[in-house]
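The structure under discussion appears below in the form of structure tokens.
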Amino acid sequence: MELYLESETESGIYAADRILSIALDIAEKMLEKGAQVQRVEDTIVKICLAYGADQVEPFAITSLVQATVRMPNGYHTTQLR
């Protein structure tokens, strides 16, 4: 999976959704394979921060993964699986 930011608009608004979607895809697969909940949450944070998020708030249990990401321009988004 590669993440390319093509324009300034995408780097602010759409990137947050794409970054979070990729992070939650990975987190979901980790939980399916038996990873510890804390490790899943740490992975979400590391992925989102690596791609430019200012703040990441993950929450995971064995049947749910949820996270909110805030970008430097103030845009934020929440997704869950």
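Name the single residue, out of those in the stretch 33-49 being among the hydrophobic types (A, V, I, L, M, F, W, C) and free of Cβ contacts under 8 Å to residues at least 24 places away in the same chain, that is farthest from PHE59 (Cα to Cα).
Kept after step one, since they are among the hydrophobic types (A, V, I, L, M, F, W, C), are these residues of the stretch 33-49: 35, 37, 40, 44-45, 47-49.
Checking the rest, the ones that are also free of Cβ contacts under 8 Å to residues at least 24 places away in the same chain come to 35, 44-45, 49.
Details: ALA35: 14, ILE44: 9, VAL45: 10, LEU49: 16 Å.
In this case the residue turns out to be LEU49.
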- Note on the structure: Of the residues in the stretch 51-60 that are modelled with pLDDT of 95 or more and among the aliphatic types (A, V, I, L, M), the one that is farthest from ALA27 (Cα to Cα) is VAL56
- Note on the structure: Taking the stretch 42-75 and keeping residues loosely packed, with under 13 Cβ neighbours inside 10 Å and part of a strand (DSSP E or B) leaves ILE61, LEU64
- Task: Taking ASP25 as meeting all but one of (1) within 13 Å of GLN79 (Cα to Cα); (2) modelled with pLDDT under 95, write down the number of the exception.
- Result: (2)
- In the stretch 65-81, anything at pLDDT 95 or above and over 13 Å from ALA15 (Cβ atoms) is listed as VAL65, GLN66, ALA67, THR68, THR78, GLN79
- Message: Consider the stretch 53-67. How many of its residues are touching a residue at least 40 places away in the same chain (Cβ under 8 Å) and closer than 14 Å to ASP17 by Cα?
- Response: 1
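The values are calculated or read from the model by the stated rules, or taken from the named source; none is laboratory data. In this text, all values refer to a predicted model and were calculated from it rather than measured experimentally. All Cβ positions, even for glycine, are placed from backbone atoms using ideal geometry, and neighbour counts span all protein chains on display.
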